[in-house]
Amino acid sequence: HYVNWVSPGWFKTLNDAGYRAIAFDNRGHGSSSKSYDEADYTPAKMASDAAALLDHLGIERAHVMGYSMG
């Protein structure tokens with residue numbers, strides 16, 4: 001995912017525009033642990049992970065960007 005987000009300069013572009021850019025590894029990607037149970041990868045669970053991160057960071061409002069997972 002480095003190529004999709006970091007390489008083209010999204011973080012710099014967003015930060016230069018006054019936004020705080022946050023990225024995380026979705027379940028089973030990057031350095032995150034991997035489950036082999038398909039039920040762990042539903043859109044609802046993936047969205048819940050993102051919401052939990054925002055809650056943990058104390059972020060009440062956010063613009064969300066994403067990319068295709070395949």
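Rule-based calculations on the coordinates, nothing more; no lab input. These figures come from a predicted structure and were not determined experimentally. Methodologically, a virtual Cβ is constructed for each residue, glycine included, from the backbone with ideal geometry; neighbour enumeration extends over all protein chains shown.
Summary of computed values
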item: Radius, Kirkwood style, for the range 2-57 when every pair of distinct Cα atoms is counted (Å); result: 13.0
item: Calculated FRET value between Ala17 and Ser48, using beta carbons and R₀ = 30 Å, to 0.05; result: 0.60
item: Burial ranking of peptide ranges 9-17, 34-42 (average Cβ count within 10 Å, highest at the top); result: 9-17, 34-42
item: Residue-by-residue Karplus 3J(HN,Hα) for the range 45-51, coefficients 6.51, -1.76, 1.60, Hz, glycine and proline x; result: 5, 5, 5, 5, 4, 5, 5
